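Pasting a structure here, questions to come.
The values are calculated or read from the model by the stated rules, or taken from the named source; none is laboratory data. Here the structure is a predicted model, which means the values were calculated and not measured. Note: ideal-geometry Cβ built from the backbone for every residue, glycine included; neighbour counts use all protein chains shown.
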Amino acid sequence: MRVFLIGFMASGKSSAGKKLAKKIGLPFVDLDDYIEEKYNSTIRSLIYNLGMDKFREIEKQSLETIINKNENILLSTGGGTSCYFDNMKLMNETGVTIYLEVDIHTLVNRLMHAKKDRE
């Protein structure tokens, strides 16, 4: 089973994903972490150096690679992953997609107090 978590930046996809994956016995992958490790760079640097369009292509390719290599996985996507190309269709056709909805107050609070610098 493939499970994809989507939602706004700071909606809790990574935190909830780790807990949910453990609970249901699936390996967990964070798409942004996967990209940063593969390209030995931060997301921010990739966007700055390559541009947003190229980053979104890298993101799409990475999503496809992870899907093709894993029949059982819980994947936390980047905040914009589902908005580009046919990523949403791909996730819906190859697994279960869950949208994490968080109220605006909580999102703002999380972003203002984030330890990690966000794009």
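If you scan segment 43-66, which residues turn out to be in contact (Cβ under 8 Å) with a residue 40 or more places away in the chain and either β-branched (V, I, T) or within 18 Å of M91 (Cβ to Cβ) (or both)?
I43, I47
Kindly indicate which of G17, G51 is within 22 Å of C83 (Cβ to Cβ), among the small types (G, A, S), at pLDDT 95 or above and surrounded by fewer than 19 Cβ atoms within 10 Å (Cβ to Cβ).
Testing whether each residue is within 22 Å of C83 (Cβ to Cβ), among the small types (G, A, S), at pLDDT 95 or above and surrounded by fewer than 19 Cβ atoms within 10 Å (Cβ to Cβ) leaves just G51.
Please go through segment 21-30 and give me each residue that is of a type outside the set (V, I, T) and either surrounded by fewer than 17 Cβ atoms within 10 Å (Cβ to Cβ) or in contact with a helix residue (DSSP H, G or I) (Cβ under 6 Å, 6 or more places away or on another chain) (or both), ordered by number.
Answer for segment 21-30, where residues must be of a type outside the set (V, I, T) and either surrounded by fewer than 17 Cβ atoms within 10 Å (Cβ to Cβ) or in contact with a helix residue (DSSP H, G or I) (Cβ under 6 Å, 6 or more places away or on another chain) (or both): K22, K23, G25, P27, F28, D30.
Within segment 54-89, which residues are in a loop (DSSP other than H, G, I, E, B) and under 15 Å from S14 (Cα atoms)?
T77, G78, G79, G80
Given (1) under 18 Å from A16 (Cβ atoms); (2) more than 16 Å from the chain's Cα centre (by Cα), where does G79 come up short, assuming only one miss?
G79 satisfies all of (1) under 18 Å from A16 (Cβ atoms); (2) more than 16 Å from the chain's Cα centre (by Cα) except (2).
Scan S45, S15, S11 and give me the residue that is more than 14 Å from T97 (Cα to Cα) and part of a loop (DSSP other than H, G, I, E, B).
Of the residues listed, the single one that is more than 14 Å from T97 (Cα to Cα) and part of a loop (DSSP other than H, G, I, E, B) is S11.
For segment 68-84: of the residues being loosely packed, with under 15 Cβ neighbours inside 10 Å and not acidic (D, E), which is modelled with the lowest pLDDT?
Only one residue fits best here, namely C83.
Something else about it: Examine segment 93-103 for a residue that is part of a helix (DSSP H, G or I), among the aliphatic types (A, V, I, L, M) and either loosely packed, with under 11 Cβ neighbours inside 10 Å or touching a Leu at 6+ places or on another chain (Cβ under 7 Å) (or both), and state whether such a residue exists.
no
Across segment 82-108, which residue is farthest from the chain's Cα centre (by Cα) among those that are more than 13 Å from R2 (Cβ to Cβ) and among the hydroxyl-bearing types (S, T, Y)?
Going through the qualifying residues, I end up with T106.
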